[in-house]
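To start, the structure under review is shown below, and the notes come after it.
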2 protein chains.
Amino acid sequence: MADILHRVGIKSSSLQDVYRALTTESELADWWTNDTQGDGSQIGNIIAFRFGNDGFDMEVSKLEEPGLVQWEVIKGPAEWVGTTVSFELKLDGDYVILLFKHSNWEQPVEFMHHCSTKWAIFLMSLKSLMEDGKGNPHPNDIKIDNWN
Amino acid sequence: MADILHRVGIKSSSLQDVYRALTTESELADWWTNDTQGDGSQIGNIIAFRFGNDGFDMEVSKLEEPGLVQWEVIKGPAEWVGTTVSFELKLDGDYVILLFKHSNWEQPVEFMHHCSTKWAIFLMSLKSLMEDGKGNPHPNDIKIDNWN
């Protein structure tokens with residue numbers, strides 16, 4: 001098993017603001033993909049994230065407001081199904097620190113390398129959304145390679 | 001043991017150009033840190049990368065021109081010493097694909113989360129350097145959190 005890990009710091013004193021950006025449809029659409037459907041604020045709910053013809057369905061599996069959001073991937077590329085995505089939030093000085101983990105990849109395949117870099121880009125989009133009011137969600141996301 | 005993985009695609013048909021950016025002092029300084037000293041083009045050489053008072057000494061441990069560059073970390077933060085950094089290059093259509101691996105972290109500590117995101121940012125700096133002629137090396141790197 002292999003995990004993708006990231007850490008970003010958002011200049012903010014409100015865990016609640018960042019938690020909201022991880023649990024509401026309109027704000028998820030503002031940093032990850034503008035084709036987002038579903039309410040992430042209740043355990044058991046499904047959120048559908050689409051990127052053109054591809055995408056993921058996430059089941060909200062754990063919520064500890066305002067410090068933790070966790071999803072299980074229930075639909076998407078084979079490598080993603082059965083993996084877990086989590087966002088842990090904590091205050092540190094003038095920042096909300098987000099510890100990100102996309103865990104339980106069966107193999108460290110080339111697609112996992114791609115997704116690791118792409119998650120960093122999207123988490124920086126979340127940081128921009130919170131700090132400057134504007135993220136770079138799909139389809140206006142920063143492209144990293146020939147897989148986009 | 002835990003690994004950081006990334007994948008970036010550089011619009012280029014020259015493996016050699018990207019290999020050079022990973023093995024020469026002046027080009028490493030143009031995307032990672034402007035305080036770089038050492039010639040990375042020979043196995044056994046030491047390259048010193050500094051970020052203010054902190055930094056890393058890397059020993060070039062493997063070179064397969066133009067497809068692979070590998071370093072062992074011989075000096076730096078305790079979590080880095082003994083880890084391995086590798087860059088694998090291959091052509092795919094109009095791109096040079098870079099598969100990055102920073103392997104053998106003893107524990108997936110919070111600092112590893114930070115370094116994972118930061119490596120993505122620096123690899124995107126390398127991509128900018130190769131595609132547009134200008135990277136964002138330290139101290140002009142994009143800041144990701146309160147650890148920079």
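Key figures for this structure:
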{"quantity": "For the stretch B:1-73 and the stretch A:52-129, distance of Cα centres in Å", "calculated": "29 Å"}
{"quantity": "Simple spin-label estimate for B:Asn53 and B:Asp94 in nanometres, 7 Å along Cα-Cβ", "calculated": "4.8 nm"}
{"quantity": "Top positive-direction residue, dipole computed over the protein assembly as shown with Cβ charges, set B:Ser14, B:Phe56, A:Ser61", "calculated": "B:Ser14"}
{"quantity": "Helix-only CD estimate at 222 nm, as mean residue ellipticity for chain A, using -39500 (n - 2.57) per DSSP H run (n ≥ 4)", "calculated": "-8000 deg cm²/dmol"}
{"quantity": "Entries of A:Lys90/A:Lys134; A:Lys90/A:Lys143; A:Lys75/B:Lys118; A:Lys143/B:Lys75; A:Lys101/B:Lys101 with Cα pairs more than 27 Å apart", "calculated": "A:Lys90/A:Lys143; A:Lys75/B:Lys118; A:Lys143/B:Lys75"}
{"quantity": "Net charge dipole size for the stretch B:97-148 [Lys, Arg +1 and Asp, Glu -1 on Cβ; Debye, nearest 20]", "calculated": "120 debye"}
{"quantity": "Cβ-vector label at 7 Å, A:Val81, separations to other copies in nm", "calculated": "4.7"}
{"quantity": "Label-point separation, A:Ser128 to B:Ala78 (7 Å along Cα→Cβ), nm", "calculated": "3.8 nm"}
{"quantity": "Net charge dipole size for the protein assembly as shown [Lys, Arg +1 and Asp, Glu -1 on Cβ; Debye, nearest 20]", "calculated": "180 debye"}
{"quantity": "Segment A:Met1-A:Gln37, extension gain: residue separation times 0.36 nm, minus the distance between their alpha carbons", "calculated": "10.0 nm"}
{"quantity": "Percent RCO, i.e. relative contact order, over the stretch A:95-148, from Cα pairs under 8 Å lying at least 6 residues apart", "calculated": "25 percent"}
{"quantity": "Largest to smallest principal axis extent of the C-alpha atoms in the protein assembly as shown, angstrom", "calculated": "56, 43, 34"}
{"quantity": "Mean Cα-pair separation over length for the stretch B:2-132, i.e. relative contact order, pairs under 8 Å, 6 or more apart, %", "calculated": "31 percent"}
{"quantity": "Chain B, dipole about Cα centre (Lys/Arg Cβ +1, Asp/Glu Cβ -1), debye to the nearest 20", "calculated": "220 debye"}
{"quantity": "On Cα atoms only, tilt of B:110-132 relative to the major axis of chain B in degrees", "calculated": "20 degrees"}
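A short reminder: the numbers here are calculations on the coordinates, not readings from a lab. Owing to the predicted nature of the structure, the values given are computational and were not obtained by experimental measurement. Quick reminder, even Gly has a Cβ in these numbers, built from the backbone with ideal geometry, and neighbours come from all protein chains shown.
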